[in-house]
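*Asks:* Below is a structure I'd like to ask you about.
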Amino acid sequence: MNVLSEADRAFFREQGYVVVPKAVPPENLQAVIDVIWEFLGAAPDDPESWYRIPPRETTGGVGPLSQSGMVEIYQHQALWNNRQYPRVYQAFVDIWDTPELWVSLDRANMKPPVRDGDPAWQDPGFIHWDIDTGQDPLPFGVQGVLYLTDTAADQGGFQCVPGFPARFAEWVRTQPADRDPRVPDLTGLDVQSIPGRAGDLLIWNSLLPHGNGRNTADRPRLAQYIAMRPTGRADERQRQERIASWRTRKPAPSWPGDPRGWELRQPGPATLTDLGRRLLGLDPWPGASDAACSTPKKSTRP
Ligand SMILES: O=C(O)CCC(=O)C(=O)O
């Protein structure tokens, strides 16, 4: 059964994103929250501990946490349980109109409130694209974020320029030829923070300028990134890399990774359902064609 209604699809076309409520059960959300705190050696009720791991922007670019809250954890069972949750999968099937998908092996986010007098924790938020918007034709792609807790507009969560993909062609004609194809000039564009409830899965068109905001609330922002894209059996190298990443509990190539190797000390690999095995690439989709894979997204996130 479809997860996205006709109205959801229309909203996605017009606004460039759509929200799927209650995408996974509360216990799945809590399991990821627990593992994020364990990974960071921090606790939800101990604000000092939120800042214990210095962001990697202050440690020579290496570390398990960034100023924008990127948590370099990729293969834990709790993450996989959301990736292979049927309602999450069905939402992406509805977007792509095909059941043959691979899931991203993406990370999580814990963005603590900005801290007075501490330059390390003053992240202003950011807006970018993960695709090169100078390409012609532009490829269609989507990304997604699962809200692990209720997230207020001032809590450092997802922000974007609603409606932008539908206006891109008109907008780009007003831009200089040497514009940055990965970071828009925001002059005249309306960046909005998208608050949400725990369990919301927000899926966005990759052409939507997006990022996360400044957290001026008193609670951290917590999220898990999940995206899916059509695949095919043709790209054997990528398939092998994905399987190795799951099996060895390491990031896929091009992700920053965790120099402490926390995940390597966890039990694993994660147990996959039949759906999870297909979403990884371990098992083929029944009757899958040999169509070429779409190009993998190279992360440009901070
Ligand atoms: O933290 C967020 O919600 C946005 C993340 C982001 O910019 C990305 O996934 O490329």
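The values are calculated or read from the model by the stated rules, or taken from the named source; none is laboratory data. What you are looking at is a predicted structure, and each value in this text was computed from that prediction instead of being measured. No Cβ is skipped: glycine too gets one built from the backbone with ideal geometry, and neighbour counts run over all protein chains shown. Surface accessibility is based on the protein's heavy atoms, side chains included, excluding ligands, DNA and RNA. Shrake-Rupley method; radii C 1.70, N 1.55, O 1.52, S 1.80 Å.
*Asks:* Tally up the residues in region 182-197 that are open to solvent by less than 40 Å² (accessible area, probe 1.4 Å) and within 25 Å of residue 229 (Cα to Cα), please.
*Replies:* Final tally of qualifying residues: 3.
*Asks:* Being buried (at least 16 other Cβ atoms within 10 Å of the Cβ), among the aliphatic types (A, V, I, L, M) and within 15 Å of the ligand (Cβ to nearest atom) is the requirement here; does residue 227 meet it? First the steps, then the outcome.
*Replies:* Values: buried (at least 16 other Cβ atoms within 10 Å of the Cβ): yes; among the aliphatic types (A, V, I, L, M): yes; within 15 Å of the ligand (Cβ to nearest atom): yes.
In short, yes.
*Asks:* Further question: Which residue is farthest from residue 100 (Cα to Cα), if the candidates are limited to region 210-224 and must be of a type outside the set (Lys, Arg), within 12 Å of the ligand (Cβ to nearest atom) and out of contact with any Leu (no Cβ under 7 Å at 6 or more places or on another chain)?
*Replies:* 215
*Asks:* Within region 155-173, is even one residue farther than 23 Å from residue 23 by Cβ, open to solvent by 30 Å² or more (accessible area, probe 1.4 Å) and within 16 Å of the ligand (Cβ to nearest atom)?
*Replies:* No; the residues of region 155-173 include none that is farther than 23 Å from residue 23 by Cβ, open to solvent by 30 Å² or more (accessible area, probe 1.4 Å) and within 16 Å of the ligand (Cβ to nearest atom).
*Asks:* Right, next: List pairs: first residue in region 61-73 and at pLDDT 95 or above and within 13 Å of the ligand (Cβ to nearest atom), second residue small (Gly, Ala, Ser) and open to solvent by 10 Å² or more (accessible area, probe 1.4 Å) anywhere in the structure, Cβ distance under 8 angstrom, at least six positions apart or on different chains.
*Replies:* From region 61-73, the pairs are 67/120; 68/125.
*Asks:* Answer yes or no as to whether residue 204 is at pLDDT below 95 and aromatic (Phe, Trp, Tyr). Reasoning before the result, please.
*Replies:* Numbers: at pLDDT below 95: no; aromatic (Phe, Trp, Tyr): yes.
Criteria not met by residue 204.
*Asks:* Another question, if that's okay. Can you name the residue in region 109-130 that is within 10 Å of the ligand (Cβ to nearest atom) and among the hydrophobic types (A, V, I, L, M, F, W, C) and is also most open to solvent (accessible area, probe 1.4 Å) among such residues?
*Replies:* Here is the first cut: in region 109-130, the ones within 10 Å of the ligand (Cβ to nearest atom) are 109, 111, 125-130.
Now restrict to residues that are among the hydrophobic types (A, V, I, L, M, F, W, C): 126-127, 129.
Numbers: 126: 40, 127: 22, 129: 1 Å².
For region 109-130, the residue satisfying everything is 126.
*Asks:* Let me ask something else. Can you name the number of the only condition in (1) more than 16 Å from residue 107 (Cβ to Cβ); (2) in contact (Cβ under 8 Å) with a residue 24 or more places away in the chain that residue 7 fails?
*Replies:* Looking at each condition in turn, residue 7 falls short on (2).
*Asks:* Is it the case that residue 41 is over 19 Å from the mean Cα position of the chain (by Cα), at pLDDT below 95 and at positive phi?
*Replies:* Values: over 19 Å from the mean Cα position of the chain (by Cα): yes; at pLDDT below 95: no; at positive phi: yes.
No: the conditions fail for residue 41.
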